[in-house]
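K.L.:
Dropping a structure here in structure tokens format, bear with me for questions.
We did not get these values from a lab; they are worked out from the coordinates using the rules stated. The model shown is predicted, which means the values in this text are computed figures rather than measured ones. Note that we place each Cβ from the backbone using ideal geometry, even for glycine, and neighbour counts take in every protein chain shown.
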Amino acid sequence: MDSYFKKRYNSFKFAIKGINSAVRSEPHMRLHILAAIGVILLGIIFRVTKVEWCLLAGSIGLVITAEIFNTSIETLTNLVSPQHNPLAGKTKDLAAAAVLVAAITAAIVGLIIFVPYVQDLINTYQTD
């Protein structure tokens, strides 16, 4: 039983190490984290609903997960194909495309949620 918990602990430790590595080595990951912080702050300011929080959290998780997959695919591709190879390039392009699709999806979710709040704020100040 003790080894079971130790294995789970080590799994979490390695996963945290991976997140840390992605944040430290990938400028896009830092940009995604910054955007996530901005979205969270807007959610707090506008007091979004629980459902909206779920959609925002899911979108943030989707983008960060996609970026981690992209980083791991790029790293593995560089390992197995250090010299230029068209298939390696295609692999990297596809992984980057997944991040782009996730980010666009998250941006659309953010717009759907936040635009009405911003419109209400503007309308409040225009009527005063």
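K.L.:
Run the numbers on the chain and let me know its relative contact order in percent, using alpha-carbon pairs under 8 Å that are six or more apart.
P.N.:
On the way: 57 pairs, mean separation 32.5, N = 128.
After rounding, I find 25 percent.
K.L.:
At 222 nm, what helix-only mean residue ellipticity would the chain give, in deg cm²/dmol to the nearest 500, using -39500 (n - 2.57) for each DSSP H run of four or more?
P.N.:
On the way: 4 runs with 117 residues, N = 128.
So the calculated ellipticity at 222 nm is -33000 deg cm²/dmol.
K.L.:
Using a ≥ b ≥ c from the Cα gyration tensor of the range 53-96 (square roots of the eigenvalues), is it rounded, prolate or oblate, where a/c under 1.5 gives rounded and otherwise the larger of a/b and b/c decides, a/b for prolate? Each step should come with its number before you reach the end.
P.N.:
Working: a/c = 6.89, a/b = 3.15, b/c = 2.19.
Prolate, because a/c is 1.5 or more and a/b exceeds b/c.
K.L.:
What is the magnitude of the charge dipole of the chain about its Cα centre, with +1 placed on the Cβ of each Lys and Arg, -1 on the Cβ of each Asp and Glu, and no other charges, expressed in debye to the nearest 20?
P.N.:
Numbers: 11 positive and 8 negative charges, 132 e Å.
That gives a dipole near 640 debye.
K.L.:
By the gyration tensor of its Cα atoms, with a ≥ b ≥ c the square roots of the eigenvalues, what is the shape of the range 19-59: rounded for a/c under 1.5, prolate for a/b over b/c, or oblate?
P.N.:
Values: a/c = 3.94, a/b = 2.34, b/c = 1.69.
Prolate is the answer for the range 19-59, as a/c is 1.5 or above and a/b outweighs b/c.
K.L.:
Translational diffusion coefficient, Stokes-Einstein: compute it for the chain using the Kirkwood radius over C-alpha pairs as Rh, at 20 °C and 1.002 mPa s, and state it as an integer in µm² s⁻¹. Can you show the working numbers first?
P.N.:
Values: Rh = 17.2 Å.
Diffusion coefficient, whole number: 125 µm²/s.
K.L.:
Next question. For helix 27-46, what angle does its Cα long axis make with the longest principal axis of the chain, in degrees from 0 to 90 and rounded to 10?
P.N.:
30
K.L.:
Using alpha carbons only, how many degrees (0 to 90, rounded to 10) separate the axis of helix 50-80 from the longest principal axis of the chain?
P.N.:
Between the helix axis and the principal axis of the chain, the angle is about 30 degrees.
K.L.:
While we're on this one: If we count every other residue with Cβ under 15 angstrom of P116's Cβ, Lys/Arg +1 and Asp/Glu -1, where does the sum land?
P.N.:
-1
K.L.:
Whole angstrom only: what separates the Cα centroid of the range 112-128 from the Cα centroid of the range 21-72?
P.N.:
24
K.L.:
Further question: Local charge sum around F46 (other residues, Cβ-Cβ under 12 Å, Lys/Arg +1, Asp/Glu -1)?
P.N.:
Working: positive: R47; negative: E52, D120.
Value of the local net charge: -1.
K.L.:
Angle, helix 86-127 long axis vs. longest principal axis of the chain, Cα atoms, 0 to 90°, nearest 10?
P.N.:
20
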